[in-house]
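Enquirer: The structure under discussion is supplied below as structure tokens; questions concerning it will follow.
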Amino acid sequence: CYKKIKLIFLTKNLLIQLTAIWLVMLFPLPLSADPGGNIQIESFDLRKSAEGFQLDVLADITLNQTLEDALEKGVELVFRVNASIMEARWYWLDEEVSRCRVRFSLSYHALTRQYRLLLENGQLQSFTSLGIALKTLGHQVNLPFREYTPLLSGHEYYLALQISLDIS
């Protein structure tokens with residue numbers, strides 16, 4: 001019944017490679033009033049690429065019975081991965097340097113008895129079981145970041161990562 005948000009501190013060396021990651025804070029937010037659903041970030045990997053940064057995320061996603069029933073009755077569930085690289089500033093609000101916003105939608109089609117996962121790039125994947133669909137949803141690779149400003153050596157950066165069910 002909780003989704004988890006992890007805040008991570010990153011430091012930068014002269015070769016613009018990430019050198020250390022520290023887990024600083026982990027706090028739960030309610031996923032739904034019905035207990036049983038959970039989004040647990042198990043691991044992630046942030047790396048520099050030719051296009052900027054890329055993020056790999058491994059999360060364990062479970063749905064409560066209310067969400068499973070809604071999904072089987074045709075309600076599309078939308079999940080979001082939000083990640084931001086922030087520059088920590090002691091004198092003002094922290095500055096967002098780069099961001100990754102990805103949207104995934106999960107639906108069930110009763111006629112074919114298949115779960116369908118629609119990825120951000122328009123790719124559609126079909127699954128015969130909800131468990132396999134949720135496992136695929138929880139394992140995302142090469143999520144792109146848009147780099148706003150280059151990271152500077154000697155500055156401290158942190159990564160804010162959130163995977164959530166969009167209830168808007």
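Enquirer: So, with +1 on the Cβ of K and R and -1 on the Cβ of D and E, and no other charges, what is the size of the charge dipole of region 66-109 about its Cα centre, to the nearest 20 debye?
Expert: With only Lys, Arg, Asp and Glu charged at Cβ, the dipole is about 140 debye.
Enquirer: Give the Rg (one decimal place) followed by the Dmax (whole number) of region 51-92, computed from C-alpha coordinates and expressed in Å.
Expert: 17.3, 51
Enquirer: Give the Cα extents of region 68-112 along the principal axes, in whole Å, largest first.
Expert: 57, 16, 9
Enquirer: With each pseudo-label sitting 7 Å past Cα toward Cβ, what's the SER168-ALA110 distance in nm, one decimal?
Expert: The answer from the label model is 3.0 nm.
Enquirer: For region 105-168, what is the accessible area per residue in Å² when the probe is 1.4 Å?
Expert: Ligands and nucleic acids excluded, the figure is 58 Å² per residue.
Enquirer: Which whole-angstrom value gives the distance between the alpha carbon centres of region 132-168 and region 90-127?
Expert: If we compute the Cα centre of each part, the gap is 11 Å.
Enquirer: Once neighbouring chains are kept in place and the probe is 1.4 Å, which whole percent of the accessible area of region 52-168 is contributed by carbon and sulfur?
Expert: C and S atoms contribute 53 percent here.
The values are calculated or read from the model by the stated rules, or taken from the named source; none is laboratory data. Model, not experiment: these values are computed from the prediction. In this analysis, Cβ positions are derived from the backbone assuming ideal geometry, glycine residues included, and neighbour counts consider all displayed protein chains. The protein model used for the area step is the full one, side chains on, heavy atoms only, and it has no ligands, DNA or RNA in it. Shrake-Rupley method; radii C 1.70, N 1.55, O 1.52, S 1.80 Å.
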